[in-house]
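**Q** Structure below; questions to follow.
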Amino acid sequence: MQDLLGRGTLWVNGGFCTHKEEPPKDIDLVIVADPEDVRHFGPAEEERLFQLLTLQGVDVGMPRAFSPRVQPMGGLIDAFFILSEDFDAIKMWDALWSSVKGADGQIIEGITKGYLEVSW
């Protein structure tokens, strides 16, 4: 990652952050990058970045196909990308990942949890 983005932050979350009956099926990631670190990206760098991300609404031309969701590593990673200046996205991901969901999948109000943050 460092060879693509000289610096950045990676948020790591998943079912392992709270007790669950079932083991987690994937790991969830958010890559937070400074805008100046991606402005120089050309097609080759964009392609490398997209290979690391969960893509939604993918429409390809050869062979002609559509997929509602494509995840890296055969679905073992759910990864998203945001810019450090996108405060609404940062707030949304932090609120989502700090929340705890019950067995019914609904957020339990008043209970929060943490997630891992790695910077380079």
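**Q** What is the residue count in the stretch 21-57 for residues that are more than 20 Å from W93 (Cβ to Cβ) and either of a type outside the set (A, V, I, L, M, F, W, C) or in contact (Cβ under 8 Å) with a residue 60 or more places away in the chain (or both)? Write out each step before concluding.
**A** We begin by selecting, within the stretch 21-57, every residue more than 20 Å from W93 (Cβ to Cβ); these are 21-23, 36, 39-48, 51.
Filter again for either of a type outside the set (A, V, I, L, M, F, W, C) or in contact (Cβ under 8 Å) with a residue 60 or more places away in the chain (or both), leaving 21-23, 36, 39-40, 42-43, 45-48, 51.
Result for the stretch 21-57: 13.
**Q** Across the stretch 19-45, what is the number of residues that are surrounded by 12 or more Cβ atoms within 10 Å (Cβ to Cβ) and farther than 19 Å from E85 by Cα?
**A** 6
**Q** I need the full set of residues from the stretch 102-120 which are within 21 Å of M1 (Cα to Cα) and in a strand (DSSP E or B), in order please. Walk me through it before giving the result.
**A** First, pick out the residues of the stretch 102-120 that are within 21 Å of M1 (Cα to Cα): 115-120.
Once the filter is applied, which keeps residues that are within 21 Å of M1 (Cα to Cα) and in a strand (DSSP E or B), the stretch 102-120 yields L116, E117, V118, S119.
Residue by residue, here is whether (1) touching a residue at least 24 places away in the same chain (Cβ under 8 Å); (2) farther than 20 Å from L29 by Cβ; (3) touching a Ser or Thr at 6+ places or on another chain (Cβ under 7 Å) holds:
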{"site": "V60", "(1), (2), (3)": "no, yes, no"}
{"site": "L96", "(1), (2), (3)": "no, no, no"}
{"site": "G102", "(1), (2), (3)": "no, yes, no"}
{"site": "I107", "(1), (2), (3)": "no, yes, yes"}
{"site": "E117", "(1), (2), (3)": "yes, no, yes"}
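**Q** Looking at the stretch 46-101 only, could you name the residues that are among the aromatic types (F, W, Y) and under 19 Å from L4 (Cα atoms)?
**A** Restricting attention to the stretch 46-101, the residues satisfying the condition of being among the aromatic types (F, W, Y) are 50, 66, 80-81, 87, 93, 97.
Listed by number, the residues that qualify are F50, F80, F81.
**Q** While we're looking at this one, here's another question. Condition check: more than 16 Å from the chain's Cα centre (by Cα) and at pLDDT 95 or above. Does E117 satisfy that? I'd like the intermediate steps shown before the answer.
**A** Values: more than 16 Å from the chain's Cα centre (by Cα): no; at pLDDT 95 or above: yes.
Taking the combined requirement at face value, the residue does not satisfy it.
**Q** G75 passes all but one of (1) surrounded by 16 or more Cβ atoms within 10 Å (Cβ to Cβ); (2) small (G, A, S); (3) at pLDDT below 95; which number fails?
**A** (1)
**Q** Sticking with this structure for a sec: Quick check on L76: is it out of contact with any Leu (no Cβ under 8 Å at 6 or more places or on another chain) and in contact (Cβ under 8 Å) with a residue 40 or more places away in the chain?
**A** Working: out of contact with any Leu (no Cβ under 8 Å at 6 or more places or on another chain): yes; in contact (Cβ under 8 Å) with a residue 40 or more places away in the chain: yes.
Taking the combined requirement at face value, the residue satisfies it.
**Q** Exactly one of (1) in contact (Cβ under 8 Å) with a residue 24 or more places away in the chain; (2) exposed (fewer than 10 other Cβ atoms within 10 Å of the Cβ); (3) basic (K, R) is unmet by R7. Its number?
**A** Failed condition: (2).
**Q** Also: What's the number of the condition L53 fails, among (1) more than 25 Å from V100 (Cα to Cα); (2) modelled with pLDDT of 90 or more; (3) assigned to a loop (DSSP other than H, G, I, E, B); (4) aliphatic (A, V, I, L, M)?
**A** The single condition L53 does not satisfy is (1).
The values are calculated or read from the model by the stated rules, or taken from the named source; none is laboratory data. Small disclaimer: the values here were computed from a predicted structure and weren't measured. Note: ideal-geometry Cβ built from the backbone for every residue, glycine included; neighbour counts use all protein chains shown.
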